[in-house]
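Encoded as structure tokens, the structure appears first; notes follow it.
The values are calculated or read from the model by the stated rules, or taken from the named source; none is laboratory data. Nothing here was measured: the structure is a model prediction, and the numbers come from that model. Cβ: placed from backbone, ideal geometry, glycine included. Neighbour counts: every protein chain shown.
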Amino acid sequence: MNDYPRLMHAAIDTTDARGLAEFYRQLLGLTYRPGDEPPTEGTDDAADWLVLVDAEGRRVLAVQEVERLTASTWPAHDVPMQMHLDFAVTDREALERHRRRAEELGARLLLDRTREQTEPLYVLADPAGHPFCLLVG
């Protein structure tokens, strides 16, 4: 019997749920789950749990607001990664393009491993400090 649990989505903690959801929405070309869209002008955004979905409506990522969050200090080991996401791109040109986009959206570069021929990659931190990798895969 193949009745295994399936991954519904990854969930990331942050002190700014809407801000981090927007970062990943734009970076990955996702949309909000119906009901999680940004509020209309003049209304309050008290969202503490937001879900992003792909073009087919499948859950990809959830963002949960927390009161405090200690950002990872990786590659130093004071505060480990705890979790990170890997995003594959098709080639080196796409790798550079998506690194620039991520930085324009608020990411910061943690590690440049693009000289490696077998799996060039960048490790970046999202605006809340969570490390993620962009790699040719």
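Some points to look at:
- Checking each residue in segment 7-32 for being at pLDDT below 95, closer than 16 Å to MET83 by Cβ and among the hydroxyl-bearing types (Ser, Thr, Tyr) picks out only THR14.
- Evaluation of LEU69 against (1) outside any loop (DSSP other than H, G, I, E, B); (2) in contact (Cβ under 8 Å) with a residue 60 or more places away in the chain; (3) closer than 18 Å to ARG18 by Cβ; (4) not small (Gly, Ala, Ser) (one fails), failing number: (1)
- Options ASP126, ASP54, ASP78, ASP45; residue that is more than 15 Å from the chain's Cα centre (by Cα), at pLDDT 90 or above and not basic (Lys, Arg): ASP78
- Close pairs from segment 82-97: first surrounded by 13 or more Cβ atoms within 10 Å (Cβ to Cβ), partner part of a loop (DSSP other than H, G, I, E, B) and among the aromatic types (Phe, Trp, Tyr), Cβ under 9 Å, at least 6 apart: HIS84/TRP74
- Test: GLY106 is among the small types (Gly, Ala, Ser), at pLDDT 95 or above, in a loop (DSSP other than H, G, I, E, B) and surrounded by 15 or more Cβ atoms within 10 Å (Cβ to Cβ): yes
- So ARG92, is it more than 16 Å from the chain's Cα centre (by Cα), among the charged types (D, E, K, R), in the same structural domain as ALA125 (by TED's automatic domain parsing) and within 26 Å of VAL123 (Cβ to Cβ): yes
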